1. Of all helices (runs of 4 or more DSSP H) completely enclosed by segment 269-352, which ones contain at least 2 residues that are touching a residue at least 60 places away in the same chain (Cβ under 8 Å) and basic (Lys, Arg)?
2. Lys358 versus (1) open to solvent by 40 Å² or more (accessible area, probe 1.4 Å); (2) assigned to a helix (DSSP H, G or I): which is the lone unmet condition?
3. Can you tell me which residue is surrounded by the most Cβ atoms within 10 Å (Cβ to Cβ) among those in segment 224-268 that are within 16 Å of Ala143 (Cα to Cα) and aliphatic (A, V, I, L, M)?
4. Just a yes or no: is a residue in segment 250-265 closer than 25 Å to Glu102 by Cβ and either aromatic (Phe, Trp, Tyr) or in contact with a Leu (Cβ under 8 Å, 6 or more places away or on another chain) (or both)?
5. From the set of residues in segment 181-194 that are buried (at least 23 other Cβ atoms within 10 Å of the Cβ) and in contact with a Leu (Cβ under 9 Å, 6 or more places away or on another chain), which is nearest to Ala169 (Cα to Cα)?
6. Output yes when any residue across segment 362-382 is in contact (Cβ under 8 Å) with a residue 40 or more places away in the chain, more than 20 Å from Ala25 (Cα to Cα) and aromatic (Phe, Trp, Tyr), and no when none is.
7. Inside segment 63-85, can you point out the residues that are open to solvent by 20 Å² or more (accessible area, probe 1.4 Å) and either modelled with pLDDT under 95 or closer than 26 Å to Leu468 by Cα (or both)?
8. Between residues in segment 441-457 that are hydroxyl-bearing (Ser, Thr, Tyr) and residues that are assigned to a strand (DSSP E or B) and open to solvent by 10 Å² or more (accessible area, probe 1.4 Å), which pairs lie under 7 Å by C-beta distance while being six or more apart or on different chains?
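The values are calculated or read from the model by the stated rules, or taken from the named source; none is laboratory data. Note that the structure is a prediction, hence the values are computed from the model and not measured. Every residue, glycine among them, receives a Cβ derived from its backbone with ideal geometry; neighbour counts consider all protein chains shown. Areas reflect the complete protein model, heavy atoms only, side chains present, ligands, DNA and RNA absent. Shrake-Rupley method; radii C 1.70, N 1.55, O 1.52, S 1.80 Å.
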Amino acid sequence: MIEITEKRLIGPVIRLHPNDNVVVARVDVGIGTEVPAENFTSRSQVPAGYKIAARKILKGQPILKYSVTVGFANTDIEAGTMVHSHNTEFREFDRDYAHASEYKPVELLPESERATFQGYVRADGKVGTRNYIGVLSTVNCSATVAHKIAEWFTPERLAAYPNVDGVVAFAHSIGCGMEMSGEPMDLLRRTMAGYARHPNLAAALIVGLGCERNQLTGLMEKENLQAGARLHTFVMQEEGGTRKTVEAGIAAVQALLPEANKARRETVSASHLCVGLQCGGSDGFSSITANPALGAAVDILARHGGTGILSETPEIYGVEHTLTRRAVSRAVGEKLIERIRWWKDEYSVGRDVQINGKVSPGNQVGGLANIFEKSLGSSMKGGTGPLMAVYRYAEPVTTPGFVFMDTPGFDPVSATGQIAGGANLIAFTTGRGSMFGSKPAPCVKLATNTPMFKRIEEDMDINCGEILDGTVSVQEMGQKIFELFLRTASGEASKSEALGLGNHEFVPWQIGVMS
């Protein structure tokens, strides 16, 4: 487990762990700046969020942040020198997985003491945080029809149905020209089924073309979906073409609206909250403010019986041993390592991608040298509790507490898998300023630093930069985030919802051969 020291942050640099040989610049540090607490004078012009050598680091020695290896010095680095990709080497190193060796069960609160929110209780007992009608396409060829059906239902046309949050299309770019069997098709189908069954949808339509590889009948049979009052299906080639299918879809939604509008929020336990954990546009402060604060909120949520889904497999690589040690069992730990090995040995061999060391230009500018350092912060979103289960992409999440889902690091694809798995809320941390939103699960965005928060406050729901400013602690911010979860789940609009984001962020993971 990564040890997070709880303290208010003052001075020009931040020491994260007594064992570290680097510190992090809290503010821009100029050449010649004396840092008495660390007994060095800065030899570099160091931007806020970047690392500074706290003592001399010899070539080949590990660079330690939170007492975790985030790279190796590729030259001798004098104390006071900026440490970044120019003097840091990315290479593999042995990690002791020590499966389940640090497992500690969550101390659940009694049900009478658990927090509550106002949610939509569905017939199957699941609880939604929003009340949409969804229109899904089986294939890209029916994507336009799905969008045209949804777009017909303007706010003016929905005014008579105040309890319906909207009609939204979930269209994608695949469904044909792909493998007809195996994991690529299974993955697409379970993603679609996860949305069709999602508790944030009062009802759904599925629109197919008719000749695609992802046949509507195959989807329904494979995923045990049944057409009925809550699920309608259409095949364009049977309906008479584009215009007639759009008209039929609009009529179907019109017929569904009165029943959907009867839904009412009621008081339910926070144990029904399932939060997908995301980060994007990370910076050097992500591991100091927003990510550990979100982790603190997940720890609180787990004690209330809820669920937090950590994902983005390439962005835990290098620190996966901190998760396997907390696993509830060896089997759970080994399942996580199996997914890591698939990425390294099969999926991304020889490719210039994150898991092989390269982070995005934005991450580099934000102060992150390589994927090990990014993973250090990314993994903190899961908190400090036990890892209870590991899921493949878009599999239904049924285990409460802290769990992991195998997804890419690309945020829309990752969040799509989490929502398909049952996430009814998304929490998204960002240091550079990602503009992301999702439907049908609302997304709240957490800023890592105050300057960025102030610059794009219209997009950010909460400023975790207050931790850096020294006005709140990580645990206090975690409580604020947990309370934001409850308010948003109860219907308070997130910033991304106010901006209308989420209509085009349904992006199933595209794997396998296209032909």
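1. Where helices (runs of 4 or more DSSP H) fall fully within segment 269-352 and carry at least 2 residues being touching a residue at least 60 places away in the same chain (Cβ under 8 Å) and basic (Lys, Arg), they are 330-342.
2. All conditions pass for Lys358, except number (2).
3. Residue satisfying both the conditions and the ranking: Met236.
4. Start the filter on segment 250-265 by keeping residues that are closer than 25 Å to Glu102 by Cβ, which leaves none.
The answer is no, given that none of the residues of segment 250-265 is closer than 25 Å to Glu102 by Cβ and either aromatic (Phe, Trp, Tyr) or in contact with a Leu (Cβ under 8 Å, 6 or more places away or on another chain) (or both).
5. Restricting to residues being buried (at least 23 other Cβ atoms within 10 Å of the Cβ) and in contact with a Leu (Cβ under 9 Å, 6 or more places away or on another chain), the top hit is Met192.
6. No: segment 362-382 contains no residue that is in contact (Cβ under 8 Å) with a residue 40 or more places away in the chain, more than 20 Å from Ala25 (Cα to Cα) and aromatic (Phe, Trp, Tyr).
7. Matches in segment 63-85: Leu64, Ser67, Thr69, Ala79, Thr81, Met82, Ser85.
8. Thr450/Asn463
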